[in-house]
Amino acid sequence: MSSVAQSWGSVIYKPKSVLLFVFISFIAHAIVVALAYQTGIFSNDDIDSIATKKISISLAVPTPITPPTPIKPPEPKPKKVTPKKIVTKAATAKKVSPKPKKVVKKKAPAATPKVTPKKVASPLPSPVKKPALFMSPQPTYQPKPKYPSVARRRGVEGSVIFDLSVANDGRVTRAIIIQSSGSSALDRSALKTIQTWRFPASKFNSLSTYKQKIEFRLNSY
């Protein structure tokens, strides 16, 4: 905020303070004159005879102060970067002379000696079992199987064929059903009965198996 200089004698006042000072001094003079007038110190004539002094106030307008222009620093000059030259050394390929290949002579295969096969003695022939006959040998003890009552009432008939193994003393050691009668009741009755049969004693009984047939017919019971 610019200040305005006011010259009055040798004192410099600012405009606001000057006006305030003038106003206060005016009021003070007025009060003094009023009191003097009331007390009779001054008369109207005295007041008229008071010489008035003219106060001239001149306001000095200050010259505007121009701010100093800022000095711009000199812009730095960009440094020139010289690219480094990359020297690539080309690898010189060494010429490798190929090694001569060794010629390997193939050897003729050695003649394999002829091996004369040895004559292997033929093993002794195993004893041949007698072929199983359908109805031989004839049993010496041959009880008739019981006809199951269930099969009888239903009129069921059939035949059961066994594969038998007989001991040398004539006992039945094994009985396998190779053909069923179609009725489990008939099969069970025939198996139970044939295990009690007896055959003639012979030293050849154990060398063979035999087939035996048992029939169930209603008219034969």
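Looking across region 134-165, just one residue is within 20 Å of Ser183 (Cα to Cα), of a type in the set (A, V, I, L, M) and assigned to a loop (DSSP other than H, G, I, E, B), and that is Val156. Looking only at region 154-164, how many residues end up being surrounded by fewer than 16 Cβ atoms within 10 Å (Cβ to Cβ), in contact (Cβ under 8 Å) with a residue 24 or more places away in the chain and in contact with a Ser or Thr (Cβ under 9 Å, 6 or more places away or on another chain)? Of the residues in that region, 2 qualify.
Are any of the residues in region 140-153 within 21 Å of Asn219 (Cα to Cα), touching an Asp or Glu at 6+ places or on another chain (Cβ under 7 Å), surrounded by 12 or more Cβ atoms within 10 Å (Cβ to Cβ) and at pLDDT 95 or above? For region 140-153, residues within 21 Å of Asn219 (Cα to Cα), touching an Asp or Glu at 6+ places or on another chain (Cβ under 7 Å), surrounded by 12 or more Cβ atoms within 10 Å (Cβ to Cβ) and at pLDDT 95 or above: absent.
Considering only residues in region 203-219 that are out of contact with any Phe, Trp or Tyr (no Cβ under 7 Å at 6 or more places or on another chain) and surrounded by 15 or more Cβ atoms within 10 Å (Cβ to Cβ), the one that is nearest to Leu191 (Cα to Cα) turns out to be Ile214. Of the residues making up region 182-210, those that are more than 19 Å from Pro143 (Cα to Cα), part of a loop (DSSP other than H, G, I, E, B) and either modelled with pLDDT of 95 or more or small (Gly, Ala, Ser) (or both) are Gly182, Ser183, Ser202, Ser208.
The values are calculated or read from the model by the stated rules, or taken from the named source; none is laboratory data. Predicted model, so just to flag it, every value in this text is computed and none were measured. Using ideal geometry, Cβ is built from the backbone for each residue, glycine included, and neighbour counts are taken over all protein chains shown.
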